[in-house]
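Colleague: Submitted below is the structure of interest, expressed as C-alpha cells.
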Amino acid sequence: MKPRIMVLFDSASIRRESLQYSIELAKRMKSSLILLMILSFEVCSPNVNAVEPMMEIGIEANESLKKHAQIIRNEGIAVETAVRIGNPRSELVKYVAEAGRFEIIVWGATPGLMKKKNHWFVQIKNILECPVVTPFIKNDTGTTHAGV
C-alpha cells in the first residue's frame, strides 16, 4: 500500500506553509495526501438556527479543500479531501478508524497553538500511532521548518 500523509486543519483557515511542506514531503516519500478539515461544532440544545450556518461553513470548507487538492494534483501527487463537523476529538478518531494508517500527520495549526496544552489535538496527539509535525516559516531566515 502507498504511504499516506494526513494534512489536518482544525479550523476553516488553510495555512500555505502546511500545504507546501506536505507537498514536498509527499514527493520525497512517494506518498499520497489526505486533506482533512475538522470543524468544531457541538449542539447542547436542539438549536435549528445554529445548524444551517455550520453546514454552509462546511460546504465552503469542502470547496476550498477541493481547490487546494487540484493544485496538489498538478504537482503529480494523489490527494483526497474530507470535511468533518462535530466534536474534533471524536471526528478525528472516527476518521482514522475508517481511513486506516498514516505515515505522518501534518498539523496545519499556527506554531503557537502547539504549545497550548488545553487544545484538543495537543491532548490526543501522543496516542496517535504516527509522528505529528507543524510546519512554520522562520521569520529571520525565510526557511521552512517543522516543529514536533
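The values are calculated or read from the model by the stated rules, or taken from the named source; none is laboratory data. Remember, predicted model here, so these are calculated numbers, not experimental data. Reconstructed Cβ throughout: ideal geometry from the backbone, glycine too, with neighbour counts over all protein chains shown.
Colleague: So for region 108-117 (the condition being in contact with a Pro (Cβ under 9 Å, 6 or more places away or on another chain) and farther than 18 Å from LEU35 by Cβ), does at least one residue qualify? Before the answer, list the steps.
Modeller: Let us first name the residues in region 108-117 that are in contact with a Pro (Cβ under 9 Å, 6 or more places away or on another chain), namely 108, 111.
Within this subset, residues satisfying the condition of being farther than 18 Å from LEU35 by Cβ are 111.
Taking every residue of region 108-117 in turn, at least one turns out to be in contact with a Pro (Cβ under 9 Å, 6 or more places away or on another chain) and farther than 18 Å from LEU35 by Cβ.
For (1) within 22 Å of VAL132 (Cβ to Cβ); (2) modelled with pLDDT under 95; (3) out of contact with any Leu (no Cβ under 8 Å at 6 or more places or on another chain); (4) of a type in the set (A, V, I, L, M), each residue gets a yes or a no:
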residue: ALA12; (1), (2), (3), (4): yes, yes, no, yes
residue: LEU25; (1), (2), (3), (4): yes, no, yes, yes
residue: LEU35; (1), (2), (3), (4): yes, no, no, yes
residue: SER40; (1), (2), (3), (4): yes, yes, yes, no
residue: ALA50; (1), (2), (3), (4): no, yes, yes, yes
residue: PRO53; (1), (2), (3), (4): no, yes, yes, no
residue: GLU56; (1), (2), (3), (4): no, yes, yes, no
residue: THR81; (1), (2), (3), (4): yes, no, no, no
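Colleague: Determine whether GLY86 is under 11 Å from the mean Cα position of the chain (by Cα), of a type outside the set (A, V, I, L, M) and within 22 Å of GLU60 (Cβ to Cβ). Walk me through it before giving the result.
Modeller: Details: under 11 Å from the mean Cα position of the chain (by Cα): no; of a type outside the set (A, V, I, L, M): yes; within 22 Å of GLU60 (Cβ to Cβ): yes.
So GLY86 does not fit the description; no.
Colleague: Something else: In contact (Cβ under 8 Å) with a residue 12 or more places away in the chain, touching a Gly at 6+ places or on another chain (Cβ under 9 Å) and of a type in the set (A, V, I, L, M): does that describe MET29?
Modeller: When the stated conditions are applied, MET29 does not pass them.
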